[in-house]
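J.: Okay, handing you the structure first.
The values are calculated or read from the model by the stated rules, or taken from the named source; none is laboratory data. All figures in this text were calculated on a predicted structure; none of them were measured in a lab. Note: ideal-geometry Cβ built from the backbone for every residue, glycine included; neighbour counts use all protein chains shown. Remember, those area values only see protein heavy atoms, side chains included, never the ligands or the DNA or RNA. Shrake-Rupley method; radii C 1.70, N 1.55, O 1.52, S 1.80 Å.
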Amino acid sequence: MMNQFKETFKEEAYELLGNLEDLLMELEDNPDNPDSISAVFRAIHTIKGSASMFDFEGIASFTHVVESVLDGVREGSVKVSKELIDLTLISRDHILAMLNAESDSTPEFEAESADIISRMKILTGEEAEDSASSGTKASETEKEEEAVEKTFRIQFKPDENLFLSGTNPLLLLNELEEMGEYACICHNESIPDFEVFNPEVCYVSWDIYLTTKKTINEVKDVFIFLDSRSEIDVSVISDWQNVLSSDESRKLGEILIDKGLIQASQLEDILNSRKKIGELLVEQGIVQESDVKSALEEQKISNSIKQNLNTGSAATIRVQSAKLDSLVDTVGELVTAQARLNQLALQAKSSSLMSLAEQIERLTADLRDNTMSLRMVPIGTTFSRFKRLVRDLSSSLDKNIQLITKGGDTELDKNVIEKLNDPLVHVIRNSIDHGIESSESRREKGKDEMGTITLDAHYTGANVQLQIRDDGQGLNKEAILKKAVEREIVSPDAQLSDEEIYNLIFMPGFSTAQSVTSVSGRGVGMDVVRKQIDALNGSIHIKSEEGVGTEFSFHLPFTLAIIEGLLVRINDEKYVFPLSMVQACMELTREERTSHGKKRLVEYRESVIPYIRLREIFTEESDLPDREHLVIIQTETSITGFVVDEVIGDHQTVIKNMGKLYKDIHYITGATILGDGSVALILDVNRISALAKVEEAGE
Amino acid sequence: MPPKKQEKLEFSGILDIRQAEDLHNTFGNLKDGKTNIVLDFSKVDDIDFAVIQMIFSFSNHLAEKKRQLILKSVNEKVSGRFNLCDCKSLLQEN
């Protein structure tokens with residue numbers, strides 16, 4: 001069970017370290033923001049507390065030092081600087097490395113910890129590690145002497161699953177006890193009889209009375225790494241200095257309660273028997289009855305929102321992604337089986353079986369949508385990683401570059417997002433290294449010295465468009481073309497459009513960089529980017545203007561698991577179009593085939609579009625049927641007609657990979673199993689559309 | 001009335017959530033008997049709240065059946081744990 005807890009700790013620590021990176025970026029942008037400072041401190045404090053609890057001694061002792069420094073930031077004795085952010089980021093990486101290793105207490109880690117700690121000491125101008133025991137301790141002691149002693153009432157109601165997160169509440173109580181005079185009352189009425197007792201559930205709550213010179217924040221910090229499902233309320237029940245210095249006279253009821261002469265409940269009964277404030281105000285003509293009603297309603301709504309927010313925060317659970325993947329696979333199998341059931345019901349011509357099949361089809365569709373939605377995650381989680389990349393790389397190249405992100409809440413299947421990381425890294429690195437100029441160069445060109453890279457995600461129909469823009473020097477068309485001619489990729493007299501020239505950078509080994517840097521410029525990268533985006537069934541488009549900047553657009557599907565498809569037939573074979581790209585289906589008559597001479601063009605919605613006959617691509621050798629059908633497909637750059645024999649109808653398509661043997665097969669992105677057990681191929685409409693454009697140009 | 005017979009259980013090391021399930025089974029096997037139960041804590045180094053809470057529930061269960069749960073030889077550290085969470089009543093030896 002301890003291993004399970006350690007794994008849970010690791011999962012949480014990974015998440016916290018991921019967040020810490022973002023938080024530090026935010027802190028660097030807003031060094032005086034107390035919320036940012038507190039958030040960074042909380043993350044480190046939580047890691048320290050949990051690491052200590054689960055015997056990650058190396059991490060615990062190291063984070064203790066980082067926490068001390070951050071505490072200094074919180075108190076204003078340590079300034080937020082670029083160097084501090086750098087060191088904290090290095091510390092974060094170091095903690096991550098220790099977390100990934102088998103042991104966090106190796107001599108190598110200890111040496112690295114010592115090195116970082118000594119750099120922190122130099123930076124903060126004090127002995128950070130010793131701050132808890134020496135220099136800072138002295139000032140803390142002085143502060144404590146000056147501090148006012150208060151009595152806190154701490155109502156601590158742990159979440160019933162507290163033990164499952166590996167938390168032992170005794171350690172929290174112990175921490176409180178060490179802060180001052182401590183009294184504790186355990187509410188154990190909820191502990192059930194042993195017959196129904198569950199050893200993994202925490203049944204109790206505590207009221208703790210603590211008299212201490214610590215501040216309320218220091219008391220609250222004891223509970224800092226508990227999740228929001230535990231209820232903690234810390235309030236000051238006596239603050240004698242305030243009482244003595246307060247201008248406000250104390251209320252009679254309060255004094256009587258403090259003296260123990262009456263109970264709080266007795267006072268409440270008496271107060272309840274009096275007229276309410278609203279009634280008194282209306283009676284005295286100060287406000288209208290409707291005003292009171294309105295105010296009460298507002299109060300009701302605000303309480304309701306608060307309640308909903310509390311419920312919302314507790315309504316999430318952590319699930320292993322492998323379990324989600326397994327669920328999606330199972331739903332995929334269910335969708336296939338349901339298609340088979342539909343087929344059998346049709347063959348059996350049984351109305352009751354058909355009705356049942358339809359009902360199961362509806363349920364399967366709901367289940368499919370819900371399951372897929374579980375795997376959808378906001379792309380912002382990926383964006384935030386690149387803030388660090390941009391910061392570190394631009395710093396190492398002595399450039400001044402900011403990263404702006406937009407549309408971080410755009411959702412994609414987590415498997416798509418995971419595979420986007422590498423292509424994004426390549427493109428961003430290239431922008432930093434080759435795209436954006438040095439500050440001096442930008443100044444000379446009259447540009448803002450600060451270069452900008454923008455990551456922008458948004459929905460386009462049933463796809464997601466992800467744009468990476470920079471305001472650098474843009475792609476050099478002449479240089480690209482010259483290099484392509486030198487490498488005999490294109491002939492010297494080739495007439496290429498701008499986009500075709502830009503697309504040359506995706507050729508393997510292609511680079512126009514004058515020098516190879518550690519960041520980019522080896523020509524291995526952009527071809528990998530294209531391959532990776534292709535593997536996601538996506539497409540890339542480039543726009544660039546010399547001196548102004550470059551924009552890469554990735555067009556991506558939401559998911560790689562199950563899509564809505566349009567099933568068609570060519571001879572005896574069946575194929576699937578992604579339904580999201582289908583604009584229309586229409587008949588292609590013999591007359592229309594010849595209406596534009598030899599050119600394969602057809603009129604569609606007051607324009608003429610090219611069409612392509614799929615049977616020719618897939619070498620289906622047979623006579624053309626009298627009637628053909630045209631599926632109109634809208635890609636990012638064009639509208640194209642695809643000629644098929646028959647449009648069968650929509651089909652829930654569970655995408656199956658074709659395997660490595662079929663990796664070189666063009667125009668197909670995958671396969672799916674139909675209800676009768678046969679296989680239908682899923683068409684790569686972007687590539688086929690490009691083929692139609694080439695044919696159109698050739699004609 | 002003659003004193004009830006006692007069954008004695010001896011524990012050692014650290015009693016925490018890792019042993020909670022085993023302890024639950026052990027106590028479960030004893031819950032329907034007629035003897036008092038003595039938990040010998042002389043070799044117990046530490047305890048967490050998951051176990052304290054279980055002892056509390058088991059103790060109440062036995063008390064309802066006129067049986068007693070007796071904790072013996074509890075060291076200072078473990079005793080401090082019971083005090084800390086306001087469960088010291090469990091330590092009253094009989």
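J.: Assess whether A:Ser384 counts as being of a type in the set (Gly, Ala, Ser), at pLDDT below 85 and more than 21 Å from A:Ser539 (Cβ to Cβ).
T.: yes
J.: Which members of segment A:298-348 meet the condition of being open to solvent by less than 60 Å² (accessible area, probe 1.4 Å) and modelled with pLDDT under 55?
T.: Across segment A:298-348, the qualifying residues are A:Ser302, A:Ser304, A:Gly312, A:Ser313, A:Ala314.
J.: Would a scan of segment A:184-203 turn up a residue that is among the hydroxyl-bearing types (Ser, Thr, Tyr), within 16 Å of A:Ser52 (Cβ to Cβ) and open to solvent by 10 Å² or more (accessible area, probe 1.4 Å)?
T.: No, segment A:184-203 contains no residue that is among the hydroxyl-bearing types (Ser, Thr, Tyr), within 16 Å of A:Ser52 (Cβ to Cβ) and open to solvent by 10 Å² or more (accessible area, probe 1.4 Å).
J.: Here is a follow-up. Hey, can you tell me all the residues within segment B:24-38 that are over 13 Å from the mean Cα position of the chain (by Cα), within 14 Å of chain A (Cβ to nearest Cβ) and surrounded by 13 or more Cβ atoms within 10 Å (Cβ to Cβ)?
T.: Selection gives B:Gly33 alone.
J.: In segment A:154-187, how many are part of a loop (DSSP other than H, G, I, E, B) and more than 10 Å from chain B (Cβ to nearest Cβ)?
T.: Here the count works out to 6.
J.: If you don't mind, another one. For B:Phe41, state whether it is within 12 Å of another protein chain (Cβ to nearest Cβ) and either in contact (Cβ under 8 Å) with a residue 24 or more places away in the chain or not aromatic (Phe, Trp, Tyr) (or both).
T.: Taking the combined requirement at face value, the residue does not satisfy it.
J.: Sticking with this one: From the list A:Glu83, A:Glu67, pick out the single residue that is in contact (Cβ under 8 Å) with a residue 24 or more places away in the chain and touching a His at 6+ places or on another chain (Cβ under 8 Å).
T.: Matching residue, one of A:Glu83, A:Glu67: A:Glu67.
J.: Moving on. Does B:Lys88 satisfy the criteria of being within 29 Å of A:Glu181 (Cα to Cα), loosely packed, with under 13 Cβ neighbours inside 10 Å and more than 9 Å from chain A (Cβ to nearest Cβ)?
T.: The answer is no for B:Lys88.
J.: Let me ask something else about it. Give segment A:525-550 a look and list any residue that's aliphatic (A, V, I, L, M) and at pLDDT 90 or above, or say none.
T.: Filtering segment A:525-550 for residues aliphatic (A, V, I, L, M) gives A:526, A:528-529, A:533, A:535-536, A:540, A:542, A:548.
Passing the criteria: A:Ile542, A:Val548.
J.: I'm checking my understanding of the structure. Among residues of segment A:551-564 that are in contact with a helix residue (DSSP H, G or I) (Cβ under 8 Å, 6 or more places away or on another chain) and either in a loop (DSSP other than H, G, I, E, B) or modelled with pLDDT of 90 or more (or both), which one is farthest from A:Asn415 (Cα to Cα)?
T.: Once the filter is applied, the top-ranked residue is A:Phe552.
J.: Something else about it: In the set A:Gly76, A:Gly72, A:Gly58, which member is free of Cβ contacts under 8 Å to residues at least 24 places away in the same chain, away from chain B (no Cβ under 14 Å) and either open to solvent by 40 Å² or more (accessible area, probe 1.4 Å) or over 24 Å from A:Thr382 (Cβ atoms) (or both)?
T.: None of the others qualify; the one that does is A:Gly76.
J.: Separate question: Collect the residues in segment B:1-23 that are open to solvent by less than 60 Å² (accessible area, probe 1.4 Å) and either more than 10 Å from every other protein chain (Cβ to nearest Cβ) or under 11 Å from the mean Cα position of the chain (by Cα) (or both), keeping them in residue-number order.
T.: B:Leu9, B:Phe11, B:Gly13, B:Leu15, B:Leu23
J.: From the set of residues in segment A:188-206 that are in contact with a strand residue (DSSP E or B) (Cβ under 7 Å, 6 or more places away or on another chain) and facing chain B (nearest Cβ under 9 Å), which is farthest from A:Thr8 (Cα to Cα)?
T.: Only one residue tops the list, namely A:Trp206.
J.: If you scan segment A:220-274, which residues turn out to be modelled with pLDDT of 70 or more, assigned to a loop (DSSP other than H, G, I, E, B) and among the small types (Gly, Ala, Ser)?
T.: Matches in segment A:220-274: A:Ser228, A:Ser230.
J.: For segment A:581-616, which residues satisfy the criterion of being surrounded by 16 or more Cβ atoms within 10 Å (Cβ to Cβ) and outside any strand (DSSP E or B)?
T.: Hits for segment A:581-616 are A:Met581, A:Glu592, A:Arg600, A:Leu614, A:Arg615.
J.: What number of residues in segment A:416-460 are outside any helix (DSSP H, G or I) and touching a helix residue (DSSP H, G or I) at 6+ places or on another chain (Cβ under 6 Å)?
T.: Number satisfying all stated conditions: 3.
J.: Is segment A:1-10 home to any residue that is over 13 Å from A:Arg385 (Cα atoms) and open to solvent by less than 30 Å² (accessible area, probe 1.4 Å)? Give the steps one after another, and end with the answer.
T.: Pass one, segment A:1-10, residues over 13 Å from A:Arg385 (Cα atoms): A:1-10.
Okay, now just the ones that are also open to solvent by less than 30 Å² (accessible area, probe 1.4 Å), so A:5, A:9.
Yes: segment A:1-10 contains one or more residues that are over 13 Å from A:Arg385 (Cα atoms) and open to solvent by less than 30 Å² (accessible area, probe 1.4 Å).
J.: From (1) buried (at least 21 other Cβ atoms within 10 Å of the Cβ); (2) assigned to a helix (DSSP H, G or I); (3) touching a helix residue (DSSP H, G or I) at 6+ places or on another chain (Cβ under 9 Å), pick out the condition that doesn't hold for A:Leu481.
T.: Going through (1) buried (at least 21 other Cβ atoms within 10 Å of the Cβ); (2) assigned to a helix (DSSP H, G or I); (3) touching a helix residue (DSSP H, G or I) at 6+ places or on another chain (Cβ under 9 Å) one by one, A:Leu481 breaks only (1).
J.: On the basis of being open to solvent by 10 Å² or more (accessible area, probe 1.4 Å) and over 24 Å from A:Val319 (Cα atoms), does A:Ser81 make the cut?
T.: yes
J.: Out of B:Lys43, B:Lys66, which single residue is out of contact with any strand residue (DSSP E or B) (no Cβ under 9 Å at 6 or more places or on another chain) and open to solvent by 10 Å² or more (accessible area, probe 1.4 Å)?
T.: Within the list B:Lys43, B:Lys66, the selection yields B:Lys66.
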